[in-house]
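I have placed the structure first, in the form of structure tokens, so that the comments after it can refer back to it.
The values are calculated or read from the model by the stated rules, or taken from the named source; none is laboratory data. This structure is a prediction, so every number in the text was calculated from the model and none was measured. Here the Cβ is made from the backbone with ideal geometry for all residues, glycine too, and neighbour counts use every protein chain on show. Keep in mind that these areas ignore ligands, DNA and RNA; they rest on the heavy atoms of the full protein, side chains included. Shrake-Rupley method; radii C 1.70, N 1.55, O 1.52, S 1.80 Å.
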Amino acid sequence: MNSVTVFDEPQLEFASGERLEHPRDGLTLFGPVDSRGFEKPSHLSYGVIGTKAGVASLRQFVKAINQPIATDSKLDEMLWPSYPGFEEAFHAVLPTEPAWVKELDELVVQNAATELDDHKRVFAVVSLFLSELRAAKKSDENFRFFLIIVPDVIFANCRPLSRFQGGHGYRVGKKEQRRRAEMLDFFDTYEPEQYSYSVDFRRQIKARVMDLEIPIQIIRESTLRLAAAERRFGVRQLTPLSDRAWNLSTALYYKAGGKPWKLSGVRDGVCYVGVSFKNTDVAQTACSAAQMFLNDGDGVVFLGDEGRWYSEKKGEFHLNRLSAQRLLSGVLETYQSQHGKTLTEVFLHCRSTVNDEEFEGYKAACPAGVKLVAVRVAPERMGLRLYRAGTRPVLRGTFWQVTPKRGFLWGSGFKSRLRTYDGSEVPQPLCIDIQHGDADVQQVAKDIFALTKLNYNCCKLGENQPVTIHFSSAVGEILVSNRLIKDHRPNFKYYI
């Protein structure tokens, strides 16, 4: 079998059961899918932590997104739709004044962010924000979420590959980091625990704040800029204000407990589980994690066993039977305790192949009567490319089926709704390979295509990867890179 099909753009469901392709169209015309639900957030009480400049920028930005924002006349309205205002789009109130505000001393932040010891630097910066979050938690206010406004110096200096001139203190090698993580030096000023956390600001604060059970949204100060920046070297360029308003508003509504949209026409009782792996700091060991999603956007995260899962010979990760069973059992049990919906089919999405031993473990975790299918979903970064005659790239939704169980899906490409291709490279396909279980590869590909529209951290027509794969690495980094955190929240909104 060798055939090419172009799937229709999946439909999304909004208020009153109305359906449209683009989330921005649906929210503008109808509102969020939970618009009439009892648990829908109607008033989004939130707190803010940042420098004086960051808090001031946030206030101005929130004031702006509470009003309609028209697309600049020089821009394409199809690609950059106008923004109707927060209350109009989400049928909820985002107060212009936060319920709680804490302004951090800019000099203290700058000093913490220029420490040369990577672990000490990121730990200190995160602790500045975390101490204020803990103080706010003691108040009687029922916060829906917190906004963490970070100066750009934190973004530049508090990531794994950050390098900067100047600074204070001294760098610490890997061997010394491992020693410090295990014992306290009475003649030096450090905390052993800081060497057991990620050196990425985002990953570390997401992990350390989980015990407070408050979702956070991290925003760079420069993202809140209202006026267009001068086009010159070293100045960050941003998408139009209307685009940033759409993306941030959608993320805030979701983190407040709302559901902006859900997939339309997806089969009942079907769930999708993304399995990911992350190497640990312990030699030759890795940890597994799983993320489950349904058509209504509900997401559950579960951390699996740590072990020697990586094979250097094959360049892949594989669990043993017992650990595979525990991983899927854990995510299914967590989901049942949280949502209690009956499952009929479980589709595993993995970047690596799934061997026979793993699949037997996964099968043992599934309740009786539940169908299990294991699918390898991996981007073809250096492989196949497809070209059309003329100047336009391949259409988004193109599926090339090469065998009854294998094909290539293009989640990126020319988008008819936008009348353009919004990427900068030749579109890369996803390789879809049904490795275990019986399923129609066309239906599997359609489901994966639909899952490219469930990213609530932005408001786009669709992405090039399904949510099960797109966020797998980021979730794994948060869970595995912060080994001292044991209280992992299962809800997906805490990880994005």
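Looking at (1) open to solvent by 10 Å² or more (accessible area, probe 1.4 Å); (2) touching a strand residue (DSSP E or B) at 6+ places or on another chain (Cβ under 8 Å), find the lone condition where SER288 falls short.
It fails just one condition, (1).
Have a look at SER329, SER337, SER311, SER352 and point out the one that is within 21 Å of the chain's Cα centre (by Cα) and of a type in the set (Ser, Thr, Tyr).
Result of the check over SER329, SER337, SER311, SER352: SER352.
So is LYS259 open to solvent by less than 50 Å² (accessible area, probe 1.4 Å), basic (Lys, Arg) and within 21 Å of the chain's Cα centre (by Cα) or not?
Details: open to solvent by less than 50 Å² (accessible area, probe 1.4 Å): no; basic (Lys, Arg): yes; within 21 Å of the chain's Cα centre (by Cα): yes.
It is false that LYS259 is open to solvent by less than 50 Å² (accessible area, probe 1.4 Å), basic (Lys, Arg) and within 21 Å of the chain's Cα centre (by Cα).
Identify, from the list PHE129, PHE61, PHE146, the residue that is in a helix (DSSP H, G or I), at pLDDT 95 or above, closer than 30 Å to GLN194 by Cα and not β-branched (Val, Ile, Thr). Walk me through it before giving the result.
Numbers: PHE61 fails: closer than 30 Å to GLN194 by Cα; PHE146 fails: in a helix (DSSP H, G or I).
Answer to the selection: PHE129.
Identify, by number, the condition in (1) within 25 Å of ARG267 (Cβ to Cβ); (2) buried (at least 18 other Cβ atoms within 10 Å of the Cβ); (3) within 24 Å of the chain's Cα centre (by Cα); (4) in contact (Cβ under 8 Å) with a residue 24 or more places away in the chain that PHE61 doesn't meet.
The failed condition is (1).
Residues VAL153, VAL101, VAL122, VAL108: which one is over 30 Å from THR28 (Cα atoms) and open to solvent by less than 20 Å² (accessible area, probe 1.4 Å)? Don't jump to the end; show me each part of the working.
Working: VAL153 fails: open to solvent by less than 20 Å² (accessible area, probe 1.4 Å); VAL101 fails: open to solvent by less than 20 Å² (accessible area, probe 1.4 Å); VAL108 fails: open to solvent by less than 20 Å² (accessible area, probe 1.4 Å).
Of the residues listed, the single one that is over 30 Å from THR28 (Cα atoms) and open to solvent by less than 20 Å² (accessible area, probe 1.4 Å) is VAL122.
With the structure loaded, tell me whether ASN482 is touching a Gly at 6+ places or on another chain (Cβ under 9 Å) and either at pLDDT below 95 or part of a helix (DSSP H, G or I) (or both) or whether it fails that test.
Here the answer is no, as ASN482 does not meet what is asked.
Hey, any hits in segment 292-312 for a residue that's closer than 30 Å to HIS22 by Cα, modelled with pLDDT under 85 and open to solvent by 30 Å² or more (accessible area, probe 1.4 Å)?
Yes: segment 292-312 contains one or more residues that are closer than 30 Å to HIS22 by Cα, modelled with pLDDT under 85 and open to solvent by 30 Å² or more (accessible area, probe 1.4 Å).
Is there any pair with a first residue in segment 195-213 that is closer than 10 Å to ILE485 by Cα and among the acidic types (Asp, Glu) and a second that is open to solvent by 20 Å² or more (accessible area, probe 1.4 Å) and not in a helix (DSSP H, G or I) whose Cβ atoms are under 6 Å apart and which are 6 or more apart or on different chains, and what are they?
ASP211/ASP487
As an exercise: evaluate SER222 against (1) part of a helix (DSSP H, G or I); (2) under 20 Å from the mean Cα position of the chain (by Cα); (3) surrounded by fewer than 20 Cβ atoms within 10 Å (Cβ to Cβ) and give the number of the one condition it does not meet.
Looking at each condition in turn, SER222 falls short on (2).
Please work out which residue is farthest from HIS349 (Cα to Cα), limiting yourself to segment 452-476 and to residues that are modelled with pLDDT under 80 and either open to solvent by 20 Å² or more (accessible area, probe 1.4 Å) or in a loop (DSSP other than H, G, I, E, B) (or both). Step through it out loud before you land on a result.
Going through segment 452-476, the residues modelled with pLDDT under 80 turn out to be 472-474, 476.
Subsequent filtering for residues that are either open to solvent by 20 Å² or more (accessible area, probe 1.4 Å) or in a loop (DSSP other than H, G, I, E, B) (or both) retains 473-474.
On the way: SER473: 13, ALA474: 16 Å.
Per the criteria, the residue is ALA474.
Out of segment 156-168, which residues are under 15 Å from VAL108 (Cα atoms) and either among the polar types (S, T, N, Q) or open to solvent by 50 Å² or more (accessible area, probe 1.4 Å) (or both)?
Listed by number, the residues that qualify are ASN157, HIS168.
Looking at segment 377-387, which of the residues that are of a type outside the set (A, V, I, L, M), touching a strand residue (DSSP E or B) at 6+ places or on another chain (Cβ under 8 Å) and surrounded by 11 or more Cβ atoms within 10 Å (Cβ to Cβ) is farthest from GLY411 (Cα to Cα)?
That would be GLY383.
Among the residues of segment 85-96, which ones are crowded, with 21+ Cβ neighbours inside 10 Å and either hydroxyl-bearing (Ser, Thr, Tyr) or over 12 Å from LYS63 (Cα atoms) (or both)?
Answer for segment 85-96, where residues must be crowded, with 21+ Cβ neighbours inside 10 Å and either hydroxyl-bearing (Ser, Thr, Tyr) or over 12 Å from LYS63 (Cα atoms) (or both): ALA89, PHE90, ALA92.
Hey, among the residues in segment 168-197 that are acidic (Asp, Glu) and in a helix (DSSP H, G or I), which one's modelled with the lowest pLDDT?
Among residues in segment 168-197 that are acidic (Asp, Glu) and in a helix (DSSP H, G or I), the one modelled with the lowest pLDDT is GLU182.
Select from segment 485-496 the residues that are assigned to a loop (DSSP other than H, G, I, E, B) and either among the hydroxyl-bearing types (Ser, Thr, Tyr) or closer than 22 Å to SER329 by Cα (or both) and list them in ascending order.
Result: ILE485, LYS486, ASP487, HIS488, ARG489, PRO490, TYR495.
Do any residues in segment 227-248 that are more than 15 Å from ASP422 (Cβ to Cβ) and open to solvent by 40 Å² or more (accessible area, probe 1.4 Å) have Cβ atoms under 8 Å from those of residues that are basic (Lys, Arg) and at pLDDT 85 or above, where the two are at least six apart or on different chains, and which pairs are they?
LEU238/ARG225; LEU238/ARG244
Only one of these conditions is not met by HIS43: (1) surrounded by 15 or more Cβ atoms within 10 Å (Cβ to Cβ); (2) out of contact with any helix residue (DSSP H, G or I) (no Cβ under 6 Å at 6 or more places or on another chain). Which number is it?
(1)
Quick one: which strands (runs of 3 or more DSSP E) lie wholly within segment 252-335 and hold at least 2 residues that are in contact with a Pro (Cβ under 7 Å, 6 or more places away or on another chain), under 30 Å from GLU39 (Cα atoms) and touching a residue at least 12 places away in the same chain (Cβ under 8 Å)?
Because the criterion is at least 2 residues that are in contact with a Pro (Cβ under 7 Å, 6 or more places away or on another chain), under 30 Å from GLU39 (Cα atoms) and touching a residue at least 12 places away in the same chain (Cβ under 8 Å), the strands (runs of 3 or more DSSP E) in segment 252-335 that meet it are 299-307.
Inside segment 336-360, can you point out the residues that are part of a helix (DSSP H, G or I) and under 16 Å from SER276 (Cα atoms)? Talk me through it step by step, then tell me what you get.
Here is the first cut: in segment 336-360, the residues part of a helix (DSSP H, G or I) are 336-338, 356-360.
Listed by number, the residues that qualify are GLU358, PHE359.
Taking the conditions exactly as written (at positive phi and modelled with pLDDT of 90 or more), does GLY257 satisfy them or not?
Working: at positive phi: yes; modelled with pLDDT of 90 or more: yes.
Yes: the conditions hold for GLY257.
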